[in-house]
Amino acid sequence: MTDTEQLTKRLPNDIGGTSSDPIVWSDHEMAPWEKRCHALADVLDFHKIINTEEKRRGVESLGSEMVGKLTYYERWIVCFANLLYQKQILHPSDLARKMDEVAARFAEPAPSAES
Amino acid sequence: MTGQVLAPLDLRGDVVLATGEAPGFEPGDTVRVMTRSPIGHYRVPRYLRGKTGDVVAVIRPMAVDNEEEGYGRNAGSKGHYYRVAFPMAEVWPGYVGGATDQLLIEVFQTWLERA
Amino acid sequence: MSAVHDHSHDHNHPHAEITQDGGPGYYDLMTAAVTELLVERGLFEAGEICRQIDVLDSRTPALGAKAVARAWMDPDFKRRLLADGRVGCEELGISFYDDTQLIVLENTERVHNLIVCTLCSCYPRPVLGLPPDWYKLKPYRARAISEPRAVLAEFGAQIPDDVEVRVSDSTAIVRYLVLPRRPAGTEQFSESELANLVTRDTMIGVAVIDPPGAPRQ
């Protein structure tokens, strides 16, 4: 099988039996945004805006380099953005503008308790 | 009851089941996983292709094929998943372990043929 | 105020994660922005995200441990739990918000069960909460399915050769929970004392429960 054929036929997440690396006992406290991202995934599935299987497919279709380098929830949120464009629910420019808007909001000084 | 075939009913013979409603396999049937290589999305790991195992349960309820679900189907066209047991030695040549060690997995009906 | 701001103060972190240079991280911003856009379009309400965070926070291995301890104490409950894991757990008030089914796999003198998801990270979240990182990473997913005994040994669980190892790979609507063996010397234990012995890893099947007072392996 050629290398490119292998890339096409084997999904980046299909890894059963493919490693002999030691298991590193690892866990981390989820960052608040990771938990929000997980909750977002569940809500998207509840409403069938993006179902869980579409999320899996969307992560795979990021390709092996992104699957290998992004963290778990980074893969999820990028995949949600792609799927929302595909479904014509969002436009790429919508997200770019909104990210700028959210970033600008954080750059503002925190409101005082009275405001 | 999850994973079990329905008990014989008094009315069996009088009640006509809809197309596809009766499972094609029953516990004890020997099945082979097909060897095709779909492009895009699949939920049958590559390590399983072409392997032979025994059906241990019919999963209830019937469900959407997750390879269709991955492209946005949320309802309709449901089919049967089967819990299938494979001897580890059948799946992994050179497997180190007990002779009766097993691998169990759910496989959608479109991937199975009678062996 | 944005939709995200309105509802997130209960979760001790009002906004996106703040990175060391003072601003939220890129993916954090993306998550906040996607959520706000979908709320603005009326696809769901911001409160649903907060509610779901509460749902996630309420699911911990203590729920699974309760089901295990109840099964050890009550043979009729155990029969129902093994017949239909979801119905058994629902009897205890554990809901299946993610629409999965549950098969409970009983460990015995002759059989040791282990669960894995080689394709992604399927896990019995309604009863155990979110999976640990190692469960989602490549070494465990790749190896638990092909050399489970070596993996178990790395976790400190030696499974005798005459005990059958069964590995269940989750791929569809079914999730699995291992019902570990009740250790010897616990005949007088109360249900809550029993539940305290049951760890997350024993319900994944990568560990066995030591008898009380036994030195750790």
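Throughout, read-outs are computed from the coordinates displayed, never taken from laboratory work. Everything quoted here is computed from the prediction, not taken from an experiment. Every residue, glycine as well, gets a Cβ built from its backbone with ideal geometry; the counts of neighbours run over all protein chains shown.
Residues of the stretch C:25-59 being aromatic (Phe, Trp, Tyr) and either more than 9 Å from chain A (Cβ to nearest Cβ) or in contact with a Phe, Trp or Tyr (Cβ under 9 Å, 6 or more places away or on another chain) (or both), which ones? First the steps, then the outcome.
Applying the first criterion (aromatic (Phe, Trp, Tyr)) to the stretch C:25-59 yields C:26-27, C:44.
Residues satisfying the conditions are C:Tyr27, C:Phe44.
Just so you know, in the stretch A:31-53 the residues that are at the interface with another protein chain (Cβ under 7 Å from one of its Cβ atoms) and small (Gly, Ala, Ser) include one that is surrounded by the fewest Cβ atoms within 10 Å (Cβ to Cβ), and it is A:Ala31.
Do we find that C:Val127 is among the β-branched types (Val, Ile, Thr) and over 21 Å from C:Asp99 (Cβ atoms) in this structure?
Numbers: among the β-branched types (Val, Ile, Thr): yes; over 21 Å from C:Asp99 (Cβ atoms): no.
Spelling it out, it is not the case that C:Val127 is among the β-branched types (Val, Ile, Thr) and over 21 Å from C:Asp99 (Cβ atoms).
None of B:Ala115, B:Ala85, B:Ala89, B:Ala99 is of a type outside the set (Asp, Glu) and either crowded, with 22+ Cβ neighbours inside 10 Å or closer than 30 Å to A:Glu54 by Cβ (or both) except B:Ala85. With the requirement that a residue be surrounded by 18 or more Cβ atoms within 10 Å (Cβ to Cβ) and assigned to a loop (DSSP other than H, G, I, E, B), what does the stretch C:184-217 give you? C:Phe189, C:Val198, C:Gly205, C:Val206, C:Ala207, C:Val208, C:Ile209, listed by residue number. For the structure I just gave you, tell me whether A:Leu95 is touching a helix residue (DSSP H, G or I) at 6+ places or on another chain (Cβ under 8 Å), free of Cβ contacts under 8 Å to residues at least 60 places away in the same chain, surrounded by 14 or more Cβ atoms within 10 Å (Cβ to Cβ) and in a helix (DSSP H, G or I). Answer is yes for this residue.
Just a yes or no: is a residue in the stretch A:19-30 crowded, with 21+ Cβ neighbours inside 10 Å and facing chain C (nearest Cβ under 9 Å)?
Let us first name the residues in the stretch A:19-30 that are crowded, with 21+ Cβ neighbours inside 10 Å, namely A:23.
After this cut, where a residue has to be facing chain C (nearest Cβ under 9 Å) as well, the list is A:23.
Taking every residue of the stretch A:19-30 in turn, at least one turns out to be crowded, with 21+ Cβ neighbours inside 10 Å and facing chain C (nearest Cβ under 9 Å).
All of (1) touching a strand residue (DSSP E or B) at 6+ places or on another chain (Cβ under 6 Å); (2) within 12 Å of chain A (Cβ to nearest Cβ) hold for B:Trp92 with one exception: (1). The set of residues in the stretch C:171-217 being over 13 Å from the mean Cα position of the chain (by Cα) and polar (S, T, N, Q) consists of C:Thr171, C:Thr186, C:Gln188, C:Ser190, C:Ser192, C:Asn196, C:Gln217.
Taken across the stretch C:109-132, residues that are out of contact with any Cys (no Cβ under 9 Å at 6 or more places or on another chain), aromatic (Phe, Trp, Tyr) and more than 20 Å from B:Val91 (Cβ to Cβ) do not occur at all.
Here the condition is being within 14 Å of chain A (Cβ to nearest Cβ) and more than 26 Å from B:Ala99 (Cα to Cα); of C:Val151, C:Val206, C:Val174, C:Val198, it holds for C:Val174 alone. For B:Val56, the test of being touching a strand residue (DSSP E or B) at 6+ places or on another chain (Cβ under 8 Å), away from chain A (no Cβ under 14 Å) and either among the aliphatic types (A, V, I, L, M) or closer than 25 Å to C:Pro148 by Cβ (or both) is passed.
Going by what's in this entry, would C:Glu91 be described as at the interface with another protein chain (Cβ under 8 Å from one of its Cβ atoms), over 20 Å from C:Ile204 (Cα atoms) and free of Cβ contacts under 8 Å to residues at least 24 places away in the same chain? Here the answer is no, as C:Glu91 does not meet what is asked. Among the residues making up the stretch B:34-50, a single one is more than 12 Å from every other protein chain (Cβ to nearest Cβ) and either at negative phi or not small (Gly, Ala, Ser) (or both): B:Met34. When the helices (runs of 4 or more DSSP H) confined to the stretch C:43-145 are screened for residues that are over 23 Å from B:Glu106 (Cα atoms), those reaching at least 3 such residues are found at C:46-58, C:61-73, C:75-83. Look at (1) in contact with a helix residue (DSSP H, G or I) (Cβ under 8 Å, 6 or more places away or on another chain); (2) farther than 25 Å from C:Trp134 by Cα and you find that A:Asp42 fails only one, number (2).
Selection within the stretch B:63-82: residues that are facing another protein chain (nearest Cβ under 9 Å) and surrounded by 22 or more Cβ atoms within 10 Å (Cβ to Cβ). The member of this set that is farthest from A:Lys87 (Cα to Cα) is B:Tyr81.
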